[in-house]
């Protein structure tokens with residue numbers, strides 16, 4: 001479990017400030033949810049924290065260590081993993097191979113040119129464990145390209161788990177998942193609470209309020225409130241900027 | 001020494017404007033259509049053969065040059081409609097294979113139609129001879145004419161690209177293709193125009209150079225690679241980059257061949273300097289390219305990596 | 001680089017076994033080739049066979065990065081050239097042992113691949129193709145200006161390389177089987193690499209570099225390593241080719257040759273190793289047959305290439321993928 005500190009992070013595309021002086025902290029072991037209307041800059045923020053996108057200014061620290069200038073692969077090795085909103089898989093690989101590659105990144109050198117990787121029991125066992133946790137062990141031998149949308153979301157999670165994160169960035173893990181599937185997914189995430197720190201972006205408010213230790217609200221690139229789910233739900237500014245909108249939409 | 005320098009500098013500029021004519025089309029095709037076209041050098045060769053043929057038929061270089069233009073338009077359009085158009089949505093590997101096939105077809109066809117022995121194109125009377133430049137220094141009129149013609153075309157392109165609607169679309173397309181389609185433009189037509197324009201410019205370069213070179217089947221190849229270097233240095237899709245890149249490459253190539261050994265003689269003994277110079281000179285433009293890419297991976301004016 | 005070639009299927013275990021079988025059949029046929037052509041009264045074909053085997057090595061080496069790494073290198077003929085000139089230059093200095101010559105070829109190729117690969121791999125797509133082409137051409141021009149070894153005209157070798165101090169390779173049959181042995185050895189090496197940890201990472205980068213970065217891999221290091229390995233293997237083919245031709249010239253490294261190597265890989269099916277070997281055989285046999293029928297075989301070869309790309313629904317790469325899916 002690690003602590004993630006983000007201070008005064010900014011990012012502009014041309015004249016548009018997509019991330020505007022964002023500061024937030026994910027305490028060790030907590031699930032810190034970030035909510036906000038569409039276009040609030042949530043995915044951009046995740047991209048900056050994960051290292052996919054360079055920030056214009058600000059500082060990102062993992063357990064106090066400045067990682068602002070490091071690359072995405074380096075951050076993964078430091079324990080900062082992410083899942084993607086739009087599923088990124090290796091379509092021609094099996095589900096097991098997808099996850100085993102993530103295990104391999106953390107275990108031993110990948111500059112081994114002779115021994116067959118397909119029969120490395122340690123990699124496959126660890127990959128199976130991650131798949132089981134994500135509820136996808138029955139599809140281990142299927143090709144990633146043959147998975148359903150819900151299964152893709154689970155593979156996304158399994159890959160992130162397999163990198164053994166101390167902080168996990170989840171970018172809308174429930175996007176497009178409905179009904180019982182969503183229910184099981186939330187249960188799986190809840191079971192992982194406390195094992196590592198999670199920064200969760202999610203549109204499903206029920207899931208957010210069930211899972212989150214704390215919630216931050218992002219509107220137009222700015223954090224307008226941070227607090228416990230109850231406090232945020234009661235916050236007038238939040239209701240005006242965001243929750244009201246949702247209620248109207250659902251009404 | 002100064003005279004030699006001025007002479008070689010002019011030769012460099014002359015090669016540079018020719019390279020620019022070829023590179024301009026190529027950089028737009030790369031930038032806007034994202035197509036690797038190995039057959040671009042072929043067009044340069046075809047332009048030279050056209051002017052040779054038409055000049056021989058009419059007995060006049062000028063008529064040859066004039067008749068070459070509609071023929072170049074036809075070749076460009078046919079190539080675009082029959083092959084290139086079908087490659088836009090393909091992988092780069094497919095594009096490489098198909099245009100590599102085109103190079104083979106074109107080279108052999110030229111051999112069948114025109115034979116293997118090089119052709120020569122007579123220099124127009126009015127542009128033959130030399131003019132005094134400074135002191136005892138003379139320079140061929142025809143080479144000056146090439147420089148002037150090339151600069152005129154460059155100027156024309158500059159006007160078209162910066163002050164017309166189609167130029168605006170080209171600039172937009174080179175940096176952001178999605179935007180052009182979002183503007184509701186007939187992409188197919190725009191691509192055909194761009195490709196044909198590029199083809200005509202390459203043919204024109206071949207036609208212009210024909211009187212001072214022997215016209216043969218290999219002429220497109222060495223130029224193609226130099227043009228690639230120009231496009232890479234200038235940045236894909238940038239006409240400005242192509243212009244500066246072409247001059248840079250041509251001048252380095254020309255001056256390096258002459259002055260490299262002379263400079264090396266300062267540090268090495270003459271025979272070693274001569275040998276090292278001869279070996280280094282043809283590599284200079286590639287070393288230049290490598291150096292520029294180390295600093296700017298997308299080229300001097302490249303927007304996209 | 002992954003946008004350059006259409007993503008091909010990842011190696012499946014049964015498919016891999018099938019490919020080893022296909023390669024084994026090819027190797028047996030190769031081994032039977034000399035006795036058959038000798039019995040048929042055409043022993044000179046053995047030398048052509050050696051040429052085909054040498055190109056098969058080069059095509060297979062290129063497939064390692066083109067098929068498994070989706071790196072369209074258009075400058076691979078340069079490494080053939082390094083191999084051929086390693087023979088010419090080292091033997092002129094009295095180093096005639098083929099293994100030492102191979103070592104020399106591999107060292108210079110590794111250096112060249114490391115430097116040019118590091119620059120090329122910072123770029124993507126069209127840039128990568130053009131830059132590898134340009135560096136290939138740079139090597140070409142270097143050897144053209146190497147007047148001590150004949151420059152443009154090339155350089156005839158006074159004798160073939162020696163093996164452990166013997167002149168056994170002067171025998172065409174011995175050279176053929178030596179080349180076949182190198183081919184089999186390098187195939188085994190490539191096959192192991194593709195199925196190793198490294199190979200899985202390389203293939204993963206081809207499939208989706210973003211995913212690979214998100215689980216902790218920097219594509220650059222792996223791609224560059226593969227690029228260097230491929231270049232070194234290609235140079236070994238060059239050493240054998242120089243012995244086959246007993247002649248070296250910059251023509252071995254022209255950009256046409258690079259294009260032909262790509263054609264070989266694609267003809268046999270990219271990302272299949274054994275396919276690259278078959279593709280080299282097919283391309284060179286086609287070249288010999290067309291060459292006997294007409295002086296203008298290149299015309300028909302070109303037509304064949306263009307039609308193949310245009311009339312397979314998703315290009316040659318797509319066609320290969322389709323066939324593979326059906327299996």
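The values are calculated or read from the model by the stated rules, or taken from the named source; none is laboratory data. Everything numeric in this text was worked out from a predicted model, so none of it was measured. Note that we place each Cβ from the backbone using ideal geometry, even for glycine, and neighbour counts take in every protein chain shown.
Quick notes on this one:
- Residues satisfying the stated conditions in region C:203-222, i.e. farther than 18 Å from residue C:193 by Cα and at the interface with chain A (Cβ under 7 Å from one of its Cβ atoms): C:208, C:210, C:211, C:213, C:214, C:215, C:216, C:218
- Residue list for region A:61-117, filter: within 7 Å of chain C (Cβ to nearest Cβ), free of Cβ contacts under 8 Å to residues at least 12 places away in the same chain and part of a loop (DSSP other than H, G, I, E, B): A:110, A:111, A:112, A:113, A:114, A:115
- Residue under evaluation residue B:267, criteria (1) more than 14 Å from chain C (Cβ to nearest Cβ); (2) closer than 25 Å to residue B:103 by Cα; (3) not in a helix (DSSP H, G or I), criterion not met: (2)
- Within the set B:55, B:98, B:106, the sole residue that is assigned to a helix (DSSP H, G or I), touching a helix residue (DSSP H, G or I) at 6+ places or on another chain (Cβ under 6 Å), at pLDDT below 95 and more than 14 Å from chain C (Cβ to nearest Cβ) turns out to be B:55.
- Any chance residue A:217 is over 16 Å from the mean Cα position of the chain (by Cα) and part of a helix (DSSP H, G or I): no
- All positions within region A:195-212 that are modelled with pLDDT under 90 and loosely packed, with under 15 Cβ neighbours inside 10 Å: A:206
- Lone unmet requirement of (1) surrounded by 21 or more Cβ atoms within 10 Å (Cβ to Cβ); (2) away from every other protein chain (no Cβ under 14 Å) for residue C:73: (2)
- Candidate set from region C:124-154 (those that are at positive phi and part of a helix (DSSP H, G or I)); member that is surrounded by the most Cβ atoms within 10 Å (Cβ to Cβ): C:125
- Residue match in region A:9-17 (condition: assigned to a loop (DSSP other than H, G, I, E, B) and in contact with a helix residue (DSSP H, G or I) (Cβ under 8 Å, 6 or more places away or on another chain)): no
- Failed item, numbered, when residue C:180 is tested on (1) away from chain A (no Cβ under 14 Å); (2) over 24 Å from residue C:29 (Cβ atoms): (2)
- Out of C:56, C:24, sole residue that is more than 14 Å from chain A (Cβ to nearest Cβ) and either surrounded by fewer than 21 Cβ atoms within 10 Å (Cβ to Cβ) or modelled with pLDDT under 95 (or both): C:24
- Filter result for residue B:89 (more than 20 Å from the chain's Cα centre (by Cα) and in a loop (DSSP other than H, G, I, E, B)): yes
- Of all residues making up region C:21-50, the number that are on the phi > 0 side of the Ramachandran plot and touching a residue at least 12 places away in the same chain (Cβ under 8 Å): 0
- Residue B:232 being more than 25 Å from residue C:146 (Cβ to Cβ), part of a helix (DSSP H, G or I) and within 9 Å of chain C (Cβ to nearest Cβ): yes
- For region A:28-48, the criterion of being surrounded by fewer than 16 Cβ atoms within 10 Å (Cβ to Cβ), in contact with a strand residue (DSSP E or B) (Cβ under 8 Å, 6 or more places away or on another chain) and over 16 Å from residue A:167 (Cα atoms) is satisfied by no residue at all.
- Some residue of region B:181-197 being part of a helix (DSSP H, G or I) and closer than 30 Å to residue B:59 by Cα: yes
- Residues (closer than 22 Å to residue B:60 by Cβ and either in contact with a strand residue (DSSP E or B) (Cβ under 9 Å, 6 or more places away or on another chain) or surrounded by 14 or more Cβ atoms within 10 Å (Cβ to Cβ) (or both)) located in region B:131-163: B:140, B:141, B:142, B:143, B:144, B:145, B:146, B:149, B:150, B:153
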